[in-house]
Amino acid sequence: MRVLFAAPDASWPVWAPALTRLAPEMELLRADQAGADPASIDAIIYAPGGPISDLSPFVNARLVQSLWAGVERIVTNPTLTQPLARMVDPGLARGMAEYCTGWTLRAHLGMDAYQQDGVWRHDLTPPLADGRQVTILGMGELGRSVAAMLGGIGFRVAGFSASGRAVEGVEVTIDLGRALSRAEILINLLPDTPQTQGLLDADRLALLPQGAWLINPGRGTVLDDGALLTALDKGRPAHAVLDVFRTEPLPPDHPFWSHPRVTVTPHIAAETRPETAAPVAVENLRRAMARRPVLHLVDRQKGY
Ligand code: NAP
């Protein structure tokens, strides 16, 4: 199979050996090698920021396999006619669960509350985890992984999703107001779609309990930046941990960088790692070549 690697050049040395080691039958080509005969390409491996924006010449490609879980930048590409699969990878799920658990524990234990200033803050004792309500927006692959890890250490976990599909150990609702109003710690893992853009606006943030924390490793578009800055002044939320932004990298003069109650991380919550994700990509490419059903197909209508 001839596979085009349509991802940033910098990722080639990391991904090419991992993919070709697993699939020696694969001829993996960079964009400059495939340009001469795009009709000969059987499948495309895609990540944002790569060299290909027009997918229409690849008339025989049976699959576009995204290396990212979030596909908003490719699913909206009008030249995409090929089936699109997103990345669902155990390493991504584990990484996201670790990121969210770490920041949840910072919020839960009040790690910022105790200062080296001679004040004995004995009244600031956190509850046990089962006295803390964590709400996750988005109960997909990543939301469920985060819920399992947080539930495993005792947190009360609630979830919000479009379908309200049941998740063991999690009270899932389709009622966003209900989800927000109980969220002492709110984790956003919704994808970027027309339906989720601006979802966390001033009115919705005002539903959070006083002193809540917001952790957003989902997508920056879900959040109204200006509304968050105003909401922080009112303590709903009291602190925001943000990994994703409307503009990335976050511009140096953006107020989030210097806000005392905002923590910025640079889109590092969950990385697609070749050691766990290359086997997923190769399995899907082989399925496409054999005309078997591919895994993790994106629903174009829904956008995720
Ligand atoms: P997923 O499996 O597609 O799950 C998406 C979830 O969101 C589903 O539960 C879905 O509901 C729900 N949803 C979508 N639109 C909704 C709406 N309008 N209202 C309510 N619920 C809605 O996605 P995933 O693999 O968990 O990934 C989630 C997101 O994480 C990605 O899209 C990406 O933006 C982000 N991400 C970030 C990083 C990072 O490093 N920061 C890394 C990877 C991914 P249903 O279950 O009812 O369909």
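The values are calculated or read from the model by the stated rules, or taken from the named source; none is laboratory data. None of the values given here were measured: they were computed from a predicted structure. Counting neighbours? That spans all protein chains shown, and the Cβs are built from the backbone with ideal geometry, glycine included. In case anyone asks, the SASA skips ligands and DNA or RNA and just uses the protein heavy atoms, side chains included. Shrake-Rupley method; radii C 1.70, N 1.55, O 1.52, S 1.80 Å.
Worth pointing out:
- Yes/no for Arg246 being within 15 Å of the chain's Cα centre (by Cα), among the charged types (D, E, K, R) and at pLDDT 95 or above: yes
- Of all residues making up region 114-140, the number that are surrounded by 13 or more Cβ atoms within 10 Å (Cβ to Cβ) and in a loop (DSSP other than H, G, I, E, B): 5
- Only one entry of Leu142, Leu176 meets the criterion of being within 30 Å of Leu297 (Cα to Cα) and touching a residue at least 60 places away in the same chain (Cβ under 8 Å), and that entry is Leu142.
- Residue count for region 175-204 under the criterion of being within 12 Å of the ligand (Cβ to nearest atom) and within 15 Å of Val146 (Cβ to Cβ): the result is 6.
- Leading residue by the ranking (nearest to Arg300 (Cα to Cα)) among those in region 72-98 that are within 11 Å of the ligand (Cβ to nearest atom) and of a type in the set (Asp, Glu): Glu72
- Among residues of region 247-275 that are not assigned by TED's automatic domain parsing to the domain that holds Leu223, none has a Cβ under 8 angstrom from a residue that is open to solvent by less than 20 Å² (accessible area, probe 1.4 Å) and at pLDDT below 95 at a sequence gap of 6+ or on a separate chain.
- Looking only at residues of region 161-174 that are more than 9 Å from the ligand (Cβ to nearest atom) and part of a loop (DSSP other than H, G, I, E, B), we find that the one that is most open to solvent (accessible area, probe 1.4 Å) is Glu168.
- Residue in region 122-137 that is of a type outside the set (A, V, I, L, M) and either at positive phi or under 19 Å from the mean Cα position of the chain (by Cα) (or both) present: yes
- Residues satisfying the stated conditions in region 141-160, i.e. within 7 Å of the ligand (Cβ to nearest atom) and either surrounded by fewer than 21 Cβ atoms within 10 Å (Cβ to Cβ) or over 16 Å from the mean Cα position of the chain (by Cα) (or both): Glu141
- Failed criterion for Pro260 (all others in (1) in contact with a helix residue (DSSP H, G or I) (Cβ under 8 Å, 6 or more places away or on another chain); (2) closer than 23 Å to Leu109 by Cα hold): (1)
- Entirely in region 189-304, the helices (runs of 4 or more DSSP H) that have 3 or more residues that are surrounded by fewer than 17 Cβ atoms within 10 Å (Cβ to Cβ): 225-234, 255-258, 274-289
- Residue ranges of helices (runs of 4 or more DSSP H) in region 1-110 with at least 3 members assigned by TED's automatic domain parsing to the domain that holds Pro127 and modelled with pLDDT of 95 or more: 90-109
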